[in-house]
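Q: Please see the structure below; I have some questions.
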Amino acid sequence: MIIDKFMQSNAGRRLNANAETLLLSGLRNAHVAIIGGTSGIGQAMAKLAEAYGAKVSVAGRSTGLDVGNGAGVERWLAEVRESNGPINAVVNAAAILDRQPLMSMSLEQIRTSIETNFLGAANVAWAARSHLADTRGHLIFFASSSYTYGRALYSTYSASKAAVVNLTQALADEWSDLGIRVNCINPERARTPMRTKAFGNEPADTLLDPEDVARRALSVLVGNSSGIIYDIVRT
């Protein structure tokens with residue numbers, strides 16, 4: 001119980017470093033597979049990784065990949081390994097936000113929310129393990145500030161993100177002998193299409209820039225930590 005409480009109180013570490021000081025040269029020639037990389041933070045990560053010389057494979061709902069379909073994720077990773085070589089990092093940035101009371105959601109909406117936000121993360125991990133074991137690679141998940149406390153209107157989203165945090169810590173422990181690093185990025189509110197859809201237009205100075213989140217997330221990817229929840233806040 002004491003260990004559990006210690007882990008809970010020390011789960012998050014803040015990424016406050018000045019973006020210009022982050023060294024991303026370690027991305028050169030690395031193969032980074034980004035699921036949920038066609039919009040928002042995932043898309044920003046893909047563009048920035050390419051700018052630093054990485055080989056980037058991208059998929060998402062707009063390309064026909066559903067993270068809720070584990071077999072589909074497995075096939076896609078096999079295909080991009082065949083075309084772009086061994087995979088050094090897998091990023092799962094896919095998510096949906098249902099901002100409404102649980103009883104206003106249909107059973108199908110509940111299922112889809114949990115399948116995308118939590119089961120999707122588990123599917124990605126399951127499909128990525130063998131690839132990352134070959135390269136002693138890195139798996140990155142995304143949480144949300146709502147994971148720390150269940151709030152009205154966010155029941156399935158908050159619960160799923162809390163589950164992703166626990167999944168991160170569990171897999172970091174399970175896969176440590178394989179040399180696989182597993183971390184989770186927890187950004188504050190960011191200016192993404194998903195957030196705009198849920199909340200409409202908001203003052204720009206109250207939101208994180210997706211490119212700033214992407215830069216800091218990639219700095220974790222080239223690092224050696226594992227099992228950490230990294231909080232990204234506005235500075």
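Derivation of every value follows stated rules applied to the coordinates shown; laboratory data play no part. Source: prediction; values computed, not measured. Cβ atoms come from the backbone with ideal geometry, glycine included; neighbour counts cover every protein chain shown.
Q: What do you get for chymotrypsin sites (Phe, Trp or Tyr not before Pro) in segment 116-162 restricted to DSSP loop and a cutoff of at most 10 other Cβ within 10 Å of the site's Cβ?
A: In loop regions of segment 116-162 (DSSP not H, G, I, E or B), the sparsely surrounded chymotrypsin sites (Phe, Trp or Tyr not before Pro) are Y149.
Q: Just need log10 I(q)/I(0) for segment 40-100 at q = 0.13 Å⁻¹, Debye formula, equal scatterers on the alpha-carbon atoms, no solvent, rounded to two decimals.
A: Taking Cα atoms of segment 40-100 as identical point scatterers yields -0.38.
Q: Note the full-extension length gain between R234 and L178 as 0.36 nm times their separation in residues minus their Cα-Cα distance, in nm to one decimal.
A: Gain in length upon complete extension: 16.7 nm.
Q: Same structure again: Might you report the magnitude of the Cβ-based charge dipole of segment 93-196 about its Cα centre, with Lys and Arg at +1 and Asp and Glu at -1, to the nearest 20 debye?
A: The calculated dipole for segment 93-196 is roughly 400 debye.
Q: Mind listing the long-range amide H neighbours of I34? Cut-off is under 5 Å, sequence gap 5 or more, other chains count too, H placed in the peptide plane at 1.01 Å from N.
A: S57, V58, A59, V91
Q: For the residue pair A78 and W126, what label-to-label distance in nm results when each label sits 7 Å from Cα along the Cα-to-beta-carbon direction?
A: In this crude label model, A78 to W126 measures out at 1.5 nm.
Q: Report, by chain and number, residues whose modeled amide H sits under 5 Å from the one on V182, excluding near sequence neighbours (fewer than 5 apart, same chain).
A: Under 5 Å from the amide H of V182: L139, G227.
Q: Residue by residue, what Karplus-based ³J(HN,Hα) values in Hz, rounded to whole numbers, does segment 94-100 have, using 6.51, -1.76 and 1.60 with θ = phi - 60° and x for Gly and Pro?
A: 6, 6, 9, 10, 9, 9, 6
Q: Which ³J(HN,Hα) values in Hz, rounded to whole numbers, follow from the phi angles of segment 132-139 under the Karplus curve 6.51 cos²θ - 1.76 cosθ + 1.60, where θ = phi - 60° and Gly and Pro get x?
A: 6, 5, 5, 10, 6, x, 9, 10
Q: Another question, then. Report ³J(HN,Hα) in whole Hz for each residue of segment 154-166, in order, from the Karplus equation J = 6.51 cos²θ - 1.76 cosθ + 1.60 where θ = phi - 60°; Gly and Pro get x.
A: The phi angles translate into 10, 4, 6, 5, 4, 5, 5, 5, 5, 5, 5, 4, 5 Hz.
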